[in-house]
Amino acid sequence: MMNSALTTENGQKTTEDKQQTTDYSLSTSRTGVVFSSGFFGFFAHAGFLSALHVLGIHPVAYAGSSSGAILAAMAASHMSNEAIKEILFSLKKNDFWDPDAWHVVLKKAVKLFRGYSGYLKGDKFEKILAQRIRTKDIEECGIPLAISATNLTTKKETIFTRGDLIKAVRASGAVPILFKPVEINGELYVDGGIVNKAPVKALTDLVDLDTIIVHYVASDNLEVSSHGFLNTMLTPWHIQYTAFNIAREEAYGNQLEIVRSKGIKVIEVKTEPPSTGPNRLDRGPAAYAKARASTMEILSQHLLK
């Protein structure tokens, strides 16, 4: 197994590393990467991406949903590991937290929230993306990119492969209730993870690939034993959320079957990082480190096959 301590964060390798990554590139000349949704999973996605670069794996296409769309856009825009790490590790809640004024929320609450589409405006989120990702349109990335979003207007999934990059990423990350829907060309969009946890098939529809590596951030309430729910204090929200995640997991499994039936190899990387969120940004570096180390271990096994 490869010793990850022999590699550096910027991708410099020892002789052993170079030999193993060369073998991998010969056997899989066209590799695509999919970043799954996972709330604030972008810390873990960044650690995963860093490990790919250290291992000498250079994807020819990217796809992402929700938090995964952020990293997919950064990767396709050729942002360095250090630049991505610096952006995420310096992130503060106030950088993207722009709720409506309390009196507006109170007024909507009195009306049982009729006409109220989300707590955060999302303007700060878009601004911080635009300041960090300098690529304007998806087709300018240089590397094919697919971003999944849920189209409320057409009631279907939309896969963005062209057009405004920042708007597409903002739409894909617009978590319902937390963020207001995003309008693009007269249509409303929310979180892509609702309809597509990991857009694997969308990537194969975009480009011809030999291999797809999926960094899959699992839903936490599905990572328990089959009867674990019996020990949980159930609420209507918990039941609904669990059923929703089960449906997404089934849909993802169906995608894998379709893609593998085409002869495309799919490697799933599940790194199980600590959970992060708006009030747990301090866990970001730990999530990054855990995902990076786990990816090195998991993928080094494939390099030796």
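The values are calculated or read from the model by the stated rules, or taken from the named source; none is laboratory data. Predicted model, so just to flag it, every value in this text is computed and none were measured. The accessibility values were calculated without ligands, DNA or RNA, using every heavy atom of the protein model including side chains. Shrake-Rupley method; radii C 1.70, N 1.55, O 1.52, S 1.80 Å.
Points worth noting:
- Fully extending the segment from PHE113 to VAL60, taken as 0.36 nm per residue of separation minus the present Cα-Cα distance, adds 14.6 nm.
- Rolling a 1.4 Å probe over the protein heavy atoms leaves ARG30 with an accessible area of roughly 90 Å².
- Under 24 Å from the Cα of LYS155 - lysines, other chains or at least 8 residues apart: LYS121, LYS167, LYS180, LYS197, LYS201
- Accessible area per residue (1.4 Å probe, heavy atoms of protein chains only) ranks SER50, SER80 as SER80, SER50, with the largest value leading.
- Counting heavy atoms of the protein chains alone, LYS111 has an accessible area of about 110 Å² for a 1.4 Å probe.
- Residues GLU272, GLU249, sorted by accessible area with the largest first, give GLU272, GLU249 [1.4 Å probe; ligands and nucleic acids excluded].
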